[in-house]
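This report concerns only the one structure given below.
Coordinate-derived values only; no laboratory data. Since this is a predicted model, take the numbers as computed values, not measurements. Backbone-built Cβ (ideal geometry, glycine too); neighbour counts: all protein chains shown.
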Amino acid sequence: MGKGVHVGFEAEGLMIPLTDLLPLKQAKLNHKSNAKYQKVMSSVREIGVIEPLAVFPQNGTGKYLLLDGHLRFEALKELGHTHAPCLISTDDEAYTYNRRVNKISPIQEHAMILKALKSGISEERIATVLHVDIAAIRQKRDLLNGICKEAAEILTRLSTYQGGLPQGAPTSPRLSNLLSVRLDTRLAAAARICVS
């Protein structure tokens with residue numbers, strides 16, 4: 001008989017003082033000018049921490065190893081926060097969890113933006129939180145314009161699960177390829193023109 005599934009995190013998270021977190025890596029001196037850090041900082045400033053930090057307790061010391069969330073940790077410190085929402089890992093495996101997750105597909109981004117707009121969040125606020133130009137938000141919002149409604153609904157159902165946007169779904173790259181077929185054709189034609 002097989003073994004049970006190992007649970008990676010305790011069921012309940014904790015609010016832990018930043019002073020009790022021990023980062024496994026130090027922030028680079030120029031991390032504040034890094035585009036990724038700027039996006040994290042903008043998101044934390046505007047709406048708070050969405051994804052809790054992953055930590056592992058240090059044998060009865062009250063301290064925790066910071067396994068994942070180093071940029072969120074730095075942003076919280078810079079913004080003057082004293083505590084962080086944390087998930088307690090049952091293993092001190094220190095790989096970066098986000099590197100094991102696929103990026104969301106364009107269809108998923110489109111659905112997320114429509115859902116945010118429908119709930120009353122403005123395009124400007126979405127752009128600020130994501131640290132992107134408002135034109136990029138409008139482009140993602142209008143992604144399915146010109147595609148028949150039935151096809152758009154099928155694509156949306158294929159890329160969502162129970163109204164949510166699952167990360168790492170095998171449909172993500174396929175949907176991106178399907179939506180980009182016209183763009184690929186145009187780029188190939190442009191490349192042929194440039195070569196000749």
Using θ = phi - 60° and the Karplus relation 6.51 cos²θ - 1.76 cosθ + 1.60, list the HN-Hα couplings for segment 70-82 in order, rounded to whole Hz, with x at every Gly or Pro. 4, 5, 5, 4, 5, 5, 4, 4, 4, 7, x, 6, 10
If each part is reduced to its alpha-carbon centroid, segment 43-58 and segment 121-152 end up apart, in Å, by 26 Å
What number do you get for segment 21-156 when its Cα radius of gyration is normalised by 2.2 N^0.38 Å, N = residues? 1.27
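Quick check on packing: order 24-31, 130-137 by the mean number of other C-beta atoms within 10 Å, highest mean leading. Present the calculation step by step, with values, prior to reporting the outcome.
On the way: 24-31: 11.0, 130-137: 15.0.
The peptides rank, most packed first, as 130-137, 24-31.
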Suppose the chain between residue 142 and residue 28 were pulled fully straight at 0.36 nm per residue; how much longer would it get relative to their current alpha carbon spacing? 37.3 nm
Too-long pairs where the Cα-Cα distance tops 29 Å, listed order kept, from 39/118; 36/140; 25/115: 25/115
Subtract the Cα-Cα distance of residue 134 and residue 10 from 0.36 nm times their separation in residues, and report this length gain in nm to one decimal. 40.8 nm
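Arrange 148, 86 by Cβ neighbour counts within 10 Å, fewest through most, would you? Before the final figure, lay out the partial values.
Numbers: 148 9, 86 25.
Ascending number of Cβ neighbours within 10 Å: 148, 86.
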With bins 5 Å wide starting at 0, give me the P(r) of segment 14-98 over every alpha carbon pair, in whole percents. 3, 15, 28, 26, 18, 8, 2, 0
Along segment 42-54, Karplus-curve 3J(HN,Hα) (6.51, -1.76, 1.60; θ = phi - 60°) to the nearest Hz, with x for Gly and Pro, reads 4, 5, 5, 5, 7, 10, x, 7, 8, 10, x, 6, 9
